[in-house]
Amino acid sequence: MRNIKLIIEYDGTNYYGWQKQLHQKTIQETIENSIERITGEKVNIYGSGRTDRGVHATGQVANFFTESRIPSEKFKYAINSVLPKDIIISHSEEVDSTFHSRYSAKGKEYKYLIYNRETPSPILRNYAYYVPYELNFELMQEAAKDFIGTHDFAAFMSSGSSVKDTVRTIYDINLTRNNELIQLRVRGNGFLYNMVRIIVGTLVDIGIGKINSSCIPEILSSRDRQRAGHTAPPQGLYLEKVYY
């Protein structure tokens with residue numbers, strides 16, 4: 001039995017997230033069905049993590065086990081030939097049988113895009129968070145630095161998660177602006193449910209003056225979700241890279 005690792009790019013607009021759901025179109029099931037078409041095998045693919053409905057990826061990682069003798073580097077071409085155009089396998093390779101895309105991961109990097117101008121963009125409506133209010137970008141930049149380090153991020157996790165350990169380490173967070181487009185990049189050893197989207201929502205609330213820019217340490221120490229900002233929408237979020 002061979003273990004095949006995939007790196008996957010997808011536009012999450014038309015999917016109900018990564019994980020298989022009954023009677024819903026998902027990324028995971030779409031790829032599994034495509035693998036079955038080319039190998040004749042029913043397989044389970046294991047993703048590095050779930051992405052919600054509408055979230056995108058340029059570096060999602062998954063693996064699956066197969067008896068197929070297709071050369072590992074050719075799997076990407078074979079699977080792509082039957083995948084819809086909004087999902088692409090950018091890399092395929094054979095890895096050790098002990099490799100697991102989720103449990104072997106050491107960290108992840110996400111990108112989040114905010115479109116900040118008076119009127120919305122018809123082009124970016126599915127790919128960035130439209131914020132029509134004037135933002136104090138410098139305050140947002142300064143506040144973002146307070147997330148760096150090892151903290152209990154319970155205040156930045158949506159309800160519905162069964163995770164008991166809410167301590168995570170943020171290695172780097174970077175906020176840049178190019179005219180109307182604001183980009184956040186964040187790299188850490190792991191992320192809680194909706195953690196990046198709540199961080200973004202909190203920074204936006206700081207940018208419009210709803211939350212004091214010096215309050216991030218207090219919010220973290222409170223462990224109270226009600227103290228943090230709103231949850232930014234999914235379409236601005238991109239899983240960029242998984243580290244092993």
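The values are calculated or read from the model by the stated rules, or taken from the named source; none is laboratory data. From a predicted model like this one, the values you see are computed outputs, not experimental measurements. Note: ideal-geometry Cβ built from the backbone for every residue, glycine included; neighbour counts use all protein chains shown. Calculation scope for accessible area: heavy atoms of the full protein, side chains included, ligands and nucleic acids excluded. Shrake-Rupley method; radii C 1.70, N 1.55, O 1.52, S 1.80 Å.
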Computed for the chain: size of charge dipole around the Cα centre, +1 on C-beta of each Lys and Arg, -1 on C-beta of each Asp and Glu, debye to nearest 20, value 360
Could you give the distance between the Cα centres of segment 1-52 and segment 191-244, to the whole Å?
-> 28
In segment 86-161, the chymotrypsin sites (Phe, Trp or Tyr not before Pro) that fall in loop regions by DSSP, at most 14 other Cβ within 10 Å = Y103, Y133
What do you get when you divide the Cα radius of gyration of segment 116-161 by 2.2 N^0.38 Å, with N the number of residues?
-> 1.59
Run the accessible area of segment 1-100 with a 1.4 Å probe and give the carbon-and-sulfur part as a rounded percent.
-> 47
For the chain, what is the accessible area per residue in Å² when the probe is 1.4 Å?
-> 50
Over the chain: helical MRE at 222 nm, DSSP H runs n ≥ 4 each giving -39500 (n - 2.57), nearest 500 | -5500 deg cm²/dmol
For segment 163-233, evaluate the Debye formula with one uniform point scatterer on each Cα (no solvent term) and list log10 I(q)/I(0) at q = 0.21 Å⁻¹, rounded to two decimals.
-> -1.05
Choose one answer from S161, S90, S34: the residue with the largest mean-square fluctuation in a GNM of the chain with alpha-carbon springs under 10 Å.
-> S161
Would you mind finding the longest exposed-site-free stretch of the chain, with exposed GluC sites (Glu not before Pro) meaning DSSP loop and at most 16 other Cβ atoms within 10 Å?
-> 181-244
If you put +1 on each Lys and Arg Cβ and -1 on each Asp and Glu Cβ, how big is the dipole of segment 1-107 around its Cα centre, in Debye rounded to 20?
-> 120
Residue farthest toward the positive end of the dipole of the chain, with Cβ of Lys/Arg at +1 and Asp/Glu at -1: which of A143, A232, G49?
-> G49
Positive-end residue, the chain charge dipole about Cα centroid, Cβ charges, pick of T119, N3, S68 | S68
Within the accessible area of segment 192-244, what % is carbon and sulfur when the probe is 1.4 Å and the other protein chains stay in place?
-> 46
So which trypsin sites (Lys or Arg not before Pro) in segment 86-133 are both in a DSSP loop and have at most 15 other Cβ atoms within 10 Å of their Cβ?
-> R102, K106, R117, R125
Find, to one decimal place in angstroms, the Kirkwood hydrodynamic radius of segment 35-99, where the mean of 1/r is taken over every pair of different Cα atoms and then inverted.
-> 13.0
Averaged over all viewing directions, the convex hull of the alpha carbons in the chain casts a projected area in nm² of 13.7
In percent, what relative contact order does the chain have, based on Cα pairs under 8 Å that are 6 or more apart in sequence?
-> 24
